[in-house]
1. Residue 159 fails exactly one of the following numbered conditions: (1) touching a Ser or Thr at 6+ places or on another chain (Cβ under 8 Å); (2) crowded, with 17+ Cβ neighbours inside 10 Å; (3) within 20 Å of residue 337 (Cα to Cα). What is the number of that condition?
2. Filter the range 32-60 down to the residues that are surrounded by fewer than 19 Cβ atoms within 10 Å (Cβ to Cβ), outside any helix (DSSP H, G or I) and modelled with pLDDT under 85 and list them by number.
3. Please go through the range 158-180 and give me each residue that is aliphatic (A, V, I, L, M) and either assigned by the TED database to the domain that holds residue 61 or within 30 Å of residue 325 (Cβ to Cβ) (or both), ordered by number.
4. Every residue in the range 1-13 that is in a helix (DSSP H, G or I), free of Cβ contacts under 8 Å to residues at least 60 places away in the same chain and under 22 Å from the mean Cα position of the chain (by Cα), please.
5. Across the range 320-338, what is the total count of residues that are touching a strand residue (DSSP E or B) at 6+ places or on another chain (Cβ under 7 Å) and part of a helix (DSSP H, G or I)?
6. May I ask you to list the residues in the range 280-309 that are surrounded by 15 or more Cβ atoms within 10 Å (Cβ to Cβ), closer than 28 Å to residue 250 by Cβ and among the aliphatic types (A, V, I, L, M)?
7. Quick check on the range 136-146. Is at least one of its residues outside any helix (DSSP H, G or I) and under 19 Å from the mean Cα position of the chain (by Cα)?
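The values are calculated or read from the model by the stated rules, or taken from the named source; none is laboratory data. In this text, all values refer to a predicted model and were calculated from it rather than measured experimentally. Neighbour counts run over all protein chains shown; Cβ positions are idealised from the backbone, glycine included.
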Amino acid sequence: MSTKKPAYLTLYESLREEIISGIRPFGSRLPSRRILARDRGVSAITAEHSIELLCEEGYAESRPRSGCYVIYRESDGFTLPSVRTEHRLPSVPPTPDRDTFPFPALARVMRRVLTEYGEEIMIRSPNTGCTFLRETLCSYLARNRGIRVQPDQIIIGAGAEYLYGLVVELLGSSRIFGIEAPSYQKIEQVYRSRNVQVDFCPLGKDGILSEALRSTKASVLHITPFRSFPSGVTATASKRREYLRWASEPDRYIVEDDYESEFSLLRKPEETLFAGTARQNVIYLNTFSRTVSPSFRVGYMVLPRALLPVFELRVGFYSCTVPTFEQYVLAELISGGDFERHINRIRRVERKTSGN
């Protein structure tokens, strides 16, 4: 199977770097697709897809009868004067009817696991999860989220709430945790149940308000960059880089809760914060309760390598809370392609529904 990067992604990445580096500054007009295609030696459709992706990810915006303009600026957030604005947040529209994972396919994989692995599924899982699943997730994350890690950096657990608790034990309950306001109620509930002081960071239209980021006393920031629940806010490219600038101060951490990112309608899902920094202070979380079934309580946490010794010391003695059988089923769903076919089917349906 070919692993060559699509031409539109190559062009998109080139344009994105020109924007981030300031070669194409804030407010500048991007070339038309015809001129871009001519100058870069690509087809018009390739140029069009690249520009669309820049707009979708928040680096540029299309203006009627005028063209596309750069809206990303490095100075957003910490260096701009504080301006008090009233933000009216959207609410998440009703979740589309995403039938759970097709039962016949799920049943087929379950039978195959029982037949092919037999008594192996009766063996106790390692504390961090079965190697088969962690290796499979490494490949999946590299393909789909740009996250390149080793299996020992992945921790398997029974759902998001369990993993939130591990984060507290890993980083320490004496820290102040900043969370989005509004946010998924159980985030606050889990942290408070662990005696963690919570600081609410109000959301604007593109993520946490810059003023709130500047003023928070938190040393851990728990954020949901894609379609934060219940507001539906997705952090723009500028805001995601602002989060990383916030985390560049000593002894600060980000918990990146990648809720529902699989259902992004973008041709290329938004960049993860984990993949966007080399500082090793972003913890990535995701689960399969939305993509497979609410009853399928399997989640995972990706740790930067620098935190592995701390995890082993403080949390590594906990047994894995997900049965070996479910871990093998999930690994087979992903490695066999069933999982990604399901995601792609749902995304196609939603694109048609939304007119994209």
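1. Looking at each condition in turn, residue 159 falls short on (3).
2. Passing the criteria: none in range.
3. Initially, the range 158-180 is screened for residues aliphatic (A, V, I, L, M), giving 158, 160, 163, 166-168, 170-171, 176, 179.
Selection gives 158, 160, 163, 166, 167, 168, 170.
4. Step one: filter the range 1-13 for residues in a helix (DSSP H, G or I), giving 7-13.
From what is left, the residues that are free of Cβ contacts under 8 Å to residues at least 60 places away in the same chain are 7, 10-11, 13.
Once the filter is applied, which keeps residues that are in a helix (DSSP H, G or I), free of Cβ contacts under 8 Å to residues at least 60 places away in the same chain and under 22 Å from the mean Cα position of the chain (by Cα), the range 1-13 yields 10, 13.
5. Filtering the range 320-338 for residues touching a strand residue (DSSP E or B) at 6+ places or on another chain (Cβ under 7 Å) gives 320-322, 327.
Add one more test, that the residue is part of a helix (DSSP H, G or I), and what stays is 327.
The total comes to 1.
6. Scanning the range 280-309 gives 282, 283, 285, 301, 302, 303, 307, 308.
7. Filtering the range 136-146 for residues outside any helix (DSSP H, G or I) gives 145-146.
Those left that are additionally under 19 Å from the mean Cα position of the chain (by Cα): 145-146.
Among the residues of the range 136-146, at least one is outside any helix (DSSP H, G or I) and under 19 Å from the mean Cα position of the chain (by Cα), which makes the answer yes.
Yes/no per residue for (1) of a type in the set (Lys, Arg); (2) outside the structural domain of residue 279 (by the TED database); (3) without any contact (Cβ under 8 Å) to a residue 40 or more places away in the chain:
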position	(1), (2), (3)
136	no, no, no
145	yes, no, no
148	yes, no, no
182	no, no, no
185	no, no, yes
200	no, no, yes
242	no, no, no
